Structures are given as C-alpha cells and as structure tokens.
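The values are calculated or read from the model by the stated rules, or taken from the named source; none is laboratory data. This is a predicted model, so every value here is computed, not measured. Here Cβ is always computed from backbone atoms with ideal geometry, including for glycine, and neighbour counts include all displayed protein chains.
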Amino acid sequence: MKSPCLDISWVRKMRYVKVPRERIAVLIGKDGKTKEEIEKHGIRLTIDSSTGEVKIEGDDSLKELDAENVVRAIARGFSPEKALLLFNDDYYFELLDIRDWAGKRSSHIKRLAGRVIGKDGKARRVIEEITGAYVAIYGHTVAIIGRMDEIEFARRAIEMLLEGANHSTVYRYLEKERRKKKLEEFGLWEKGV
C-alpha cells in the first residue's frame, strides 16, 4: 500500500539575496546589461528595487548557487566584471564579517575596515597584487573573489589586519608566502614544510 504522504519532490527552494538599494543599479547595469549577463546562464532574476530583494530561479541548482554568489558579490561592492568570474568553476566567493572582530560598535567597524583598506587603498591593493584575489570592503564586510589558494592566502592576510597586526608584518607575511609559492611551483620547496 502506498504511503498517504504527499509527493513534494517538485517543490524547489527559492534563493533570495538582499541587496543594498544603492547597489541595485549596479546589479541591473546600464540598459540591463549586467542582469542579462547573469540570465545568460539559465537564471531568472526578479529584482524588487524598493526593498532590495532579489529572487534567483533557474533549472540548474549549481548555476543558481553561482548566480546567488554573483549577486552577493555585487551587493558587497564588487564590479559586475569581477563578480561574473564566479560562473567559472575555478573562482570562489568568501565573505568576512568585520563585526566578528569589532563587535557592533560602528566606530570599531570603520577603524578595522580602514585597516584593511590602508592609506590611499595600499593594503587592499598589496593583498590583491600579491595573492591574485580580488578584495572589496563594503559596510561591515570584506569580500574576496579568487581561486581557492588565492582566497586562503588573502583571507589570512585580512584576518591578520583585523586582529591588529602591523601592516609591515602583513606585507612581510605576503612576500614570504609568495616566495614560498614560487619555489613550490618550481619544485624547490616541499609542501607542508
């Protein structure tokens, strides 16, 4: 005898992302170009400009997840060009919440965000140049886009800054890791050493 339970296998989980209203125009793009680029991947975006809520639907769950990360990346300050890299299987998105280090006081959040940005953007620029990852600081978050090893490398440098390390210490760490990575590429450094 068949179970009296209803078959709900057709029910799909909807994906929603809350986007700051000032980033909605970036998500849509000039003449809707960014939205079109995302939708080329078999995705439908429904954007509520008044609330900032974006509904993401598609036939492929993995593409939906990629699109969710693209929307989240744009919402957290990345340009559409960098965010669209997330449709590539080699690229990942990571989000760090500065409040995990600063608490909820806005003055502490701003101070720590300033440390990650650095004077005239130097710290962020150095992290991007050495690790190969892209970094965006927006509100109380630091977002990273890159390949897995690039993200791990950038995340560690950002965490060091958020934990209070001197910028010079972080730059030395980055240079040391870059040298080690180059030696590993040439087989002159054993991994795990």
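Can you confirm whether the stretch 50-57 contains a residue that is modelled with pLDDT of 95 or more, of a type in the set (A, V, I, L, M) and either at positive phi or outside the structural domain of Thr141 (by TED's automatic domain parsing) (or both)? Yes, the stretch 50-57 has at least one match. Just so you know, in the stretch 65-85 the residues that are among the basic types (Lys, Arg) and assigned to a helix (DSSP H, G or I) include one that is farthest from Val135 (Cα to Cα), and it is Arg72. If you filter the stretch 105-157 down to residues that are out of contact with any helix residue (DSSP H, G or I) (no Cβ under 7 Å at 6 or more places or on another chain) and among the small types (Gly, Ala, Ser), you find that the one that is nearest to Glu81 (Cα to Cα) is Ala136. Is it the case, given these coordinates, that Ile74 is in contact with a Leu (Cβ under 9 Å, 6 or more places away or on another chain), assigned by TED's automatic domain parsing to the domain that holds Lys40, at pLDDT 95 or above and of a type in the set (A, V, I, L, M, F, W, C)? Yes: the conditions hold for Ile74. When you look at Leu62, is it at pLDDT below 95 and assigned to a loop (DSSP other than H, G, I, E, B), yes or no? Taking the combined requirement at face value, the residue does not satisfy it. Name every residue in the stretch 135-149 that is charged (D, E, K, R) and over 12 Å from the mean Cα position of the chain (by Cα), in order of residue number. The answer is Asp149, and nothing else.
Close Cβ contacts (under 7 Å, 6 or more residues apart or on different chains) running from residues in the stretch 73-92 that are in contact (Cβ under 8 Å) with a residue 60 or more places away in the chain to residues that are polar (S, T, N, Q) comprise Arg76/Thr141.
Residues of the stretch 78-103 that are within 20 Å of Ile117 (Cβ to Cβ) and over 9 Å from the mean Cα position of the chain (by Cα): Ser79, Lys82, Asp97, Ile98, Arg99, Asp100, Trp101, Ala102, Gly103.
Criterion first (in a strand (DSSP E or B), outside the structural domain of Arg179 (by TED's automatic domain parsing) and among the hydroxyl-bearing types (Ser, Thr, Tyr)) does Thr46 satisfy it? So Thr46 fits the description; yes.
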